[in-house]
Amino acid sequence: MRIFGLALFTLFAFGIASSAWGDSRIVFNHGDRFQYDLHWSLVKVGHAELQFRVEPMDKTGRDMIHIIFTARTSGMADKLFKVRDVIEAWIDPETGRPILYLKEQREGKTNRDVRVEFDWESMTATYSNKGVAKEPVTITEETMDPLSLINALAAKPFENSELRAHVATDGKKVVQIEAKQIKKERFKVSAGRFKADRIEVSTKELKGVFEKSPDASIFLWLSQEVPAIPLKMKSKVAVGSFHGQLTGAKIGDQVIGKLSD
């Protein structure tokens, strides 16, 4: 089983200005959070949460944008394939660029502690797992980490059949992420009804939030608001399909659906 990431759920660094972060490429604010139920086919297997914070990072001591995605199985799924994942991204609020990407991956027998450090002076990103580093990869000015992609897709509504391309790295490869609007529709999830864009995402070889079965498509449903709310993600897995859907969210002072503590 692979973990959802709609994220977000995320995907997503263009568009509407955010006065809280002072950078035109950041569309979410401190305290924004999104919660999801995770399903394998028709069976609920766990839950996930996406959070946005502004807080100091040890490396710099100044306030940074901190995106946190957590996913965990529950019930019978814990006995079959236990998942306890935490993925984090630290972003410079002045430039909108990622500084640090962390992935604590606990999926069945998989145990990884990934760290990707971005060096914008040398234009490189360095991947390490449990302290063992690989050779740095060369990045471009537009390169994002897998989790920071969430902001890029949420920054403005999609036009009909619009195709967007973003560059991202997991620290081992730099690849292009393509997202195409397939359909505008009214869409219902546990948190309510929304006008939504159905988006097909091609992640190619990028690992992170968007791991999937080979050749399987990922479909996202994003609300047509700004910032867009990640409503649902669906992807084929080795057996059946996997999806996560929104159960509750807090955006600024607005609460949607039901939020758990």
Next item on the list: Kindly indicate whether R106 is basic (K, R), out of contact with any Gly (no Cβ under 8 Å at 6 or more places or on another chain) and surrounded by fewer than 19 Cβ atoms within 10 Å (Cβ to Cβ).
Entry: yes
Margin query: Would you confirm, using the coordinates I've provided, whether T203 is modelled with pLDDT under 90 and either among the polar types (S, T, N, Q) or over 27 Å from A249 (Cβ atoms) (or both)?
Written below: yes
Check: Is it true that K250 is in contact with a strand residue (DSSP E or B) (Cβ under 6 Å, 6 or more places away or on another chain), at pLDDT 90 or above, at negative phi and not hydroxyl-bearing (S, T, Y)?
Finding: yes
Notebook entry, point to check: For region 93-104, what are the residues that are in contact with a Lys or Arg (Cβ under 7 Å, 6 or more places away or on another chain) and either farther than 18 Å from I150 by Cβ or not in a strand (DSSP E or B) (or both)?
Noted result: G96
Next item on the list: Out of the residues in region 145-166 that are under 11 Å from the mean Cα position of the chain (by Cα) and not in a loop (DSSP other than H, G, I, E, B), state the one that is surrounded by the fewest Cβ atoms within 10 Å (Cβ to Cβ).
Entry: A152
Note to self: Can you report the number of residues in region 109-130 which are at pLDDT 95 or above and outside any strand (DSSP E or B)?
What the structure shows: 5
Margin query: Suppose we keep only residues that are among the aliphatic types (A, V, I, L, M) and part of a strand (DSSP E or B) within region 131-140. Which one would you say is surrounded by the most Cβ atoms within 10 Å (Cβ to Cβ)?
Written below: V137
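The values are calculated or read from the model by the stated rules, or taken from the named source; none is laboratory data. None of these values were measured; they are calculated from a predicted model. We place every Cβ from the backbone using ideal geometry, glycine too, and count neighbours over all the protein chains shown.
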